[in-house]
1. Please tell me if residue 647 is in the same structural domain as residue 690 (by TED's automatic domain parsing) and in a strand (DSSP E or B).
2. Quick check: is even one residue across the stretch 177-187 at negative phi, part of a loop (DSSP other than H, G, I, E, B) and at pLDDT below 95?
3. Of everything in the stretch 739-754, what is outside any loop (DSSP other than H, G, I, E, B) and out of contact with any strand residue (DSSP E or B) (no Cβ under 7 Å at 6 or more places or on another chain)? Give them in sequence order.
4. Quick one: how many residues across the stretch 725-757 are over 16 Å from residue 650 (Cα atoms), more than 38 Å from the chain's Cα centre (by Cα) and at pLDDT 85 or above?
5. Looking at the stretch 536-551, can you tell me whether even one residue there is at positive phi, surrounded by 23 or more Cβ atoms within 10 Å (Cβ to Cβ), in the same structural domain as residue 483 (by TED's automatic domain parsing) and more than 13 Å from the chain's Cα centre (by Cα)?
6. Does residue 339 satisfy the condition of being over 21 Å from residue 87 (Cα atoms) and without any contact (Cβ under 8 Å) to a residue 24 or more places away in the chain?
7. Restricting attention to the stretch 277-296, which residues are buried (at least 20 other Cβ atoms within 10 Å of the Cβ) and touching a helix residue (DSSP H, G or I) at 6+ places or on another chain (Cβ under 6 Å)?
8. Of all residues in the stretch 582-607 being within 22 Å of residue 518 (Cα to Cα) and surrounded by 23 or more Cβ atoms within 10 Å (Cβ to Cβ), which is nearest to the chain's Cα centre (by Cα)?
């Protein structure tokens, strides 16, 4: 209902909308002429029939005012360059009810209009100051306890609010994943860091509900309910009716979600604390007790525009703006405070102004606090790496009894078997890791009974059970979202993406979410995981570009990510040990890129020679991050840098080149593609007379550019042997076609020899 005069007085039309909302509140309180009730007792309903008591209302009202004055402060100090973020929570302050009715140990994934929620959740632990913490974040101070000044985020380690930078629903899959993980951990007897009846809370706007990533989460949530798998996630849709400037059709959210199978729908008025509280309470209690996905449709509004730079008067009529501002939830809260007799006009205005003063004082203090001043400070939490600890963990082999049980005795241990090809050694390594780490899970499409498309995970489910190895929906976004959920509760996920091309459907779950969490939480939170991806080309023309995808640039562009790519079985095992140790010790996100065409490869030079089979390394062996493998150590006539499928190709080509030109070639298998070990590359290039780079990625987007840049920046192209000529052998800038035409666009042995001819 309208609580202020409409239209606004002429004297106010020259003010900006933030100032108008500020003045509206003060004038509304001064003009209130109702008859107050007798002051209610602290535990009495704030109004007749309300599910909210007076003490609870008072605290929620204070939280609303804190949120509002942080917004007003940000608008004022932005122009003074003391604040760097103005997307506010005004109109959404009712989400404080969700915070009050949940626990501080319920993991929360919040969108940017969550000031009220945060102010209220801060009450859960004594001694915390929501105003000062928020002010430090607004000011991008290095002392910001959420992100260390890297971004304005709502986050808190002790309050289990995981910082989100996503604003259009990319956090929904990992929220659902966390809910699933809470229940899965209990079934596995994994010690949770939170109570077993916790729920995951996820807030978003009505516009974001339409995003493909949101729909992925809703569908997966409904699927879990259909399968009778518990998933206690509370989806909180804060419906303000608009996304920046695009209006949501009336009734869309209610009609869309009220009847969705598997998603239990509740609605509450977030503009009225007295009437909305009981409905929010019902939704929270339903989610906690039934362990089912729950959708809370919370009515909100948006005042003061999308952000400080959104001048709504330029695209909305004054009448429409006035009508929106009339629904300001703080006006309704002030009316409740006055009508109930809980507060007088003077008390309301005194609290309002005291909160303003507190927020501005905190902001001024935050402006004086240290800022991030060096690049080293910026990137410090991005990719933590403690080499000695990682190697110690990777080489730890104190689970001999469990290994014997898993593999069936000493004689059947993989290191006691004849040399095997890549797929079998990856399978052995996974069995090993599952024996070493009881909290490890592997999941994806077809990985369970079938053992994966290429049988790489064969036998894992039989050995370790369906709780640890299981199939998922055909949905890469949810696979990676679920991985983050398991990581959030202290488990070690190894999700599988069936083909590299499929990863691109869900890239942001790694780039924007998993790999960014350490950075934006100042290394307080992490998403440790090892993502297995089968990919690269050379599958005899099978499958076209979806099964011969050589586009790894999307991986190389993700800050903080580690990407390893083995070409042979023993390397795969030692690399996997290091990747899991990176996850366990430093919380890192990594990708294990498996060359499909080499899975079953046995021979190198001639059919039947068996020279691409390898023995299984003992469990105390691990590959240091960044270490390559050299074939032909000491050979200087030609140095070939390559990886993956390029390694056996280059070794074969090297024989032909020696016979043709008399050159002794050294082949360097990079093995680690992100980050590239530039010092190692330069050391290998330093003694080369000629340099050849064999990169199965595309001409304009592969790994070769990074290798060339490392060499060039090291000043090595001109050195001991004079000017060093170089060549690149790369894939063409095209999608991979079907059948024999595939070999026209990706490098071959002959292409490498031809490049050497050009160097000659």
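1. Numbers: in the same structural domain as residue 690 (by TED's automatic domain parsing): yes; in a strand (DSSP E or B): no.
The answer is no for residue 647.
2. In the first step, residues of the stretch 177-187 are kept if they are at negative phi; the result is 177-187.
Okay, now just the ones that are also part of a loop (DSSP other than H, G, I, E, B), so none.
Taking every residue of the stretch 177-187 in turn, none turns out to be at negative phi, part of a loop (DSSP other than H, G, I, E, B) and at pLDDT below 95.
3. Let us first name the residues in the stretch 739-754 that are outside any loop (DSSP other than H, G, I, E, B), namely 739-744, 749-754.
Those that are outside any loop (DSSP other than H, G, I, E, B) and out of contact with any strand residue (DSSP E or B) (no Cβ under 7 Å at 6 or more places or on another chain): 739, 740, 741, 742, 743, 744, 749, 750, 753, 754.
4. 1
5. Of the stretch 536-551, the ones at positive phi are 536, 538, 540-541, 543-544.
Now restrict to residues that are surrounded by 23 or more Cβ atoms within 10 Å (Cβ to Cβ): 536, 538.
Among the residues that remain, those that are also in the same structural domain as residue 483 (by TED's automatic domain parsing) are: 536, 538.
The next check asks that each one be more than 13 Å from the chain's Cα centre (by Cα); those that pass are 536, 538.
Yes.
6. On the way: over 21 Å from residue 87 (Cα atoms): yes; without any contact (Cβ under 8 Å) to a residue 24 or more places away in the chain: no.
So residue 339 does not fit the description; no.
7. Within the stretch 277-296, 277, 280, 284, 292, 293, 294, 295, 296 meet the criteria.
8. From the stretch 582-607, those within 22 Å of residue 518 (Cα to Cα) are 582-592; that's our starting set.
Checking which are surrounded by 23 or more Cβ atoms within 10 Å (Cβ to Cβ) leaves us with 582-583, 588-592.
Details: 582: 17, 583: 15, 588: 12, 589: 10, 590: 12, 591: 14, 592: 18 Å.
In this case the residue turns out to be 589.
The values are calculated or read from the model by the stated rules, or taken from the named source; none is laboratory data. In this text the structure is predicted, and so the values were computed from the model without any measurement. Virtual Cβ from ideal backbone geometry, glycine too; neighbours counted across all protein chains shown.
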